1. Does Thr532 satisfy the criteria of being closer than 30 Å to Ser181 by Cα and modelled with pLDDT under 90?
2. For the range 43-94, what are the residues that are in a loop (DSSP other than H, G, I, E, B), assigned by TED's automatic domain parsing to the domain that holds Phe114 and either modelled with pLDDT of 95 or more or among the small types (Gly, Ala, Ser) (or both)?
3. Quick one: count up the residues across the range 516-539 that are outside any strand (DSSP E or B) and not small (Gly, Ala, Ser).
4. Right, Thr252: among the β-branched types (Val, Ile, Thr) and more than 30 Å from Gln357 (Cα to Cα) or not?
5. Among the residues in the range 600-615, are any among the small types (Gly, Ala, Ser), at pLDDT below 75, buried (at least 19 other Cβ atoms within 10 Å of the Cβ) and outside the structural domain of Val115 (by TED's automatic domain parsing)?
6. State yes or no: is Leu460 farther than 22 Å from Asp365 by Cα, at pLDDT 80 or above and within 38 Å of the chain's Cα centre (by Cα)?
7. So is Thr227 polar (S, T, N, Q), surrounded by 14 or more Cβ atoms within 10 Å (Cβ to Cβ), in contact with a His (Cβ under 7 Å, 6 or more places away or on another chain) and more than 30 Å from Phe461 (Cα to Cα) or not?
8. I want to confirm something. Restricting to the range 73-94 and keeping residues that are closer than 28 Å to Ser528 by Cα and without any contact (Cβ under 8 Å) to a residue 40 or more places away in the chain, which single residue is surrounded by the most Cβ atoms within 10 Å (Cβ to Cβ)?
Amino acid sequence: MEASTISPLRRPSSTSSTPHNHGYFTLKNTNEDSESVELEELTKSPLRPHYGTTSRRSGYFTILSLFLAAVFIAAINHVVFSKFDGKPTAGHTEQFWVTTLKNVFPAAVSLMLFVDLKYCLSQVALYRIRNGSHPIGLVSLMTSPPNFTNTISILFKSSMRAPILMFFILAVITQAVTITSIFIPGTLTVTQSSPLSTSLEIPTVDFNAVDPMSSSFVTVEFDDPPTLGFLEPSQRWRQLIIRAASANVAPTWDAPAGCGSSCTYNFTYAAPALNCTELSRQDIWPSGTNTSDSRLAFPLNTTDPNESLNEYFFYNSSFAFTASDPSKPDVSSSTVDVFYMENFNTTYDQALKLASQYPNPAQYDPRGAHCEYQNATYEAITTFSNNTQSSSVRVKELIGFLPIGHDADGPYSGTNTTNMTLAFRSIAQSFSEILNGNAFYQTNISGLVTDSTQALYTPLFSLTGVIQNITTSDNSSDSETQYNEYHFVLSPTFQGSLSSGIQELLGNITLAFVNERMATTFATVNVSPDSTQYQYHAKKLAVIYGIVFGMSVVVVIYGLVCLWGNGTTAVFDLEHIVEMTAGSTNLHKSAVHPEFSSTYVQGLLFPVGNSTRTVLDVTWDRGENRGLGSS
């Protein structure tokens, strides 16, 4: 079918906008003084199909269907990601396809939204062109596919007019939806597998499983049945207990099979414990610092002026194992007493006073603890993490006095308590022997004597020494000499509580027997598997998609409103652009002018049969256009 020709534009012979009798149709610009657009004999022959009422419905369908398709894909994205949540990662092949899938969904959503919003922008652009005149350079930017350069150019060419600023904001939103594909993959990550609770076989402490000859040296008493008389701890157990008592941390052992990258568990066991009471100054020095009932002689000598003040004790300990209750001959009132002088020092001035003056008790701070051995249930908690073990142990329950066997001679041989009775006695005596003894400062040599106790090998106390330069004066001159200075305190770890320190030290010693591999048990272990899994951050995905779709809805609604106002669907391809500009002679004349991009144009709509046409024509309400249209 041959299309109707469009005549060159010319001024009409009349200002009337009614159709001419000769088949011409004239539309006026909104400005009454502007040039008219004349199209020749539009009704004489059928025009090629064009967007009209049907196309508007098609525009609604396109905008809404693309937006709903993007929403649907986002919903599928959520469902698929949630399926992976908590699932262990597999081999490289599976992870490759998962990574691909993580990028496909947001890319599809971005593509759908970008096409949809670009379609909406076309409707907004047509609406703005119809409702106002703009430089053709700006119109070109508005009708071009949105990109960063075009969007910024629209802002600078708009003269900051509110309608174009709104178009700029919508164009920015259209560009922003493309970054969806950057953030969405981060909502499905690979992380350490979640901790789980499982039953694992762990080493434990069971003194019933200990051979009596392994823990103790015994004699067989001629009783009926025979009893095993305890003599002393075995050499091996003495070594083990001394080694454990010398450490300033809880003992360590191998992690159980199945521990993964880290694990934590606890277990209980029976062992001897100490029930301690702190002693006061009056308990330690009932009638004086160096009387016969003094538990910490300070000094050891009497107050006889003919004897020198020599030995000042800053540590003392003793122990006893007795069956003090005749009604209970099988248990022991086993005790250990520890006394020490807090903040004892031998600075030069202090040493002179100790050597020459009887000490003032008020200037010193003796401390002590009275402890009883008892049967106890311990609870140990241990954690393995990053190839490092940390453990702690506490007394869960005190059960009663320590058993020592029949009539204090020892347990019967072969009973179910024989092994434990001897093992407990061996531990208690070895520990008491470590604490037993004393240490003192000897003024006549200005030195310490500490060789009668092993307590200073433990982390209970801190004993340090320094060499100080001392300046002394006589009648003629000053002289400088060096002097040994010592400091003795309870370890700061125990915060001034001797009882807590002693109890913790014995607890760590009992825990060290885990390494003897006496027995195993099954415990509930909290394990962090040595593997990875997928973790889905649903809230993060909801926030990202919520923001993206929230901004997109603004553009979609604006586009739908403009589509309704236009009455036709805007399409800015080459075919339609040529059609829009074909009937404007003034626009053709302006195209050869050097300042063509500054020519103001406006879109005009007019009905043709059942359709609506858009024609782009030069507007003359801008003074700068008058020179451009003259020939």
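1. Working: closer than 30 Å to Ser181 by Cα: yes; modelled with pLDDT under 90: yes.
Yes; evaluated as a whole, the condition is true for this residue.
2. Gly86, Ala90, Gly91
3. Step one: filter the range 516-539 for residues outside any strand (DSSP E or B), giving 516-518, 529-531, 537-539.
Imposing the further condition that a residue be not small (Gly, Ala, Ser) reduces the set to 516-518, 529-530, 537, 539.
Matching residues across the range 516-539 total 7.
4. Numbers: among the β-branched types (Val, Ile, Thr): yes; more than 30 Å from Gln357 (Cα to Cα): yes.
The answer is yes for Thr252.
5. Going residue by residue through the range 600-615, those that are among the small types (Gly, Ala, Ser) are 603, 609, 611.
Filter once more, so that each one left must be at pLDDT below 75: 603, 609, 611.
Next, from what is left, pick out any that are buried (at least 19 other Cβ atoms within 10 Å of the Cβ): 603.
Okay, now just the ones that are also outside the structural domain of Val115 (by TED's automatic domain parsing), so 603.
Scanning the range 600-615 turns up at least one residue that is among the small types (Gly, Ala, Ser), at pLDDT below 75, buried (at least 19 other Cβ atoms within 10 Å of the Cβ) and outside the structural domain of Val115 (by TED's automatic domain parsing).
6. Details: farther than 22 Å from Asp365 by Cα: no; at pLDDT 80 or above: yes; within 38 Å of the chain's Cα centre (by Cα): yes.
The answer is no for Leu460.
7. On the way: polar (S, T, N, Q): yes; surrounded by 14 or more Cβ atoms within 10 Å (Cβ to Cβ): yes; in contact with a His (Cβ under 7 Å, 6 or more places away or on another chain): yes; more than 30 Å from Phe461 (Cα to Cα): yes.
When the stated conditions are applied, Thr227 passes them.
8. Taking the range 73-94 and keeping what is closer than 28 Å to Ser528 by Cα, we get 78-94.
Filter again for without any contact (Cβ under 8 Å) to a residue 40 or more places away in the chain, leaving 79-80, 83, 90-94.
Details: Val79: 8, Val80: 16, Lys83: 11, Ala90: 10, Gly91: 7, His92: 7, Thr93: 8, Glu94: 11.
Step by step, filter the range 73-94, then rank; the result is Val80.
The values are calculated or read from the model by the stated rules, or taken from the named source; none is laboratory data. In this text the structure is predicted, and so the values were computed from the model without any measurement. All Cβ positions, even for glycine, are placed from backbone atoms using ideal geometry, and neighbour counts span all protein chains on display.
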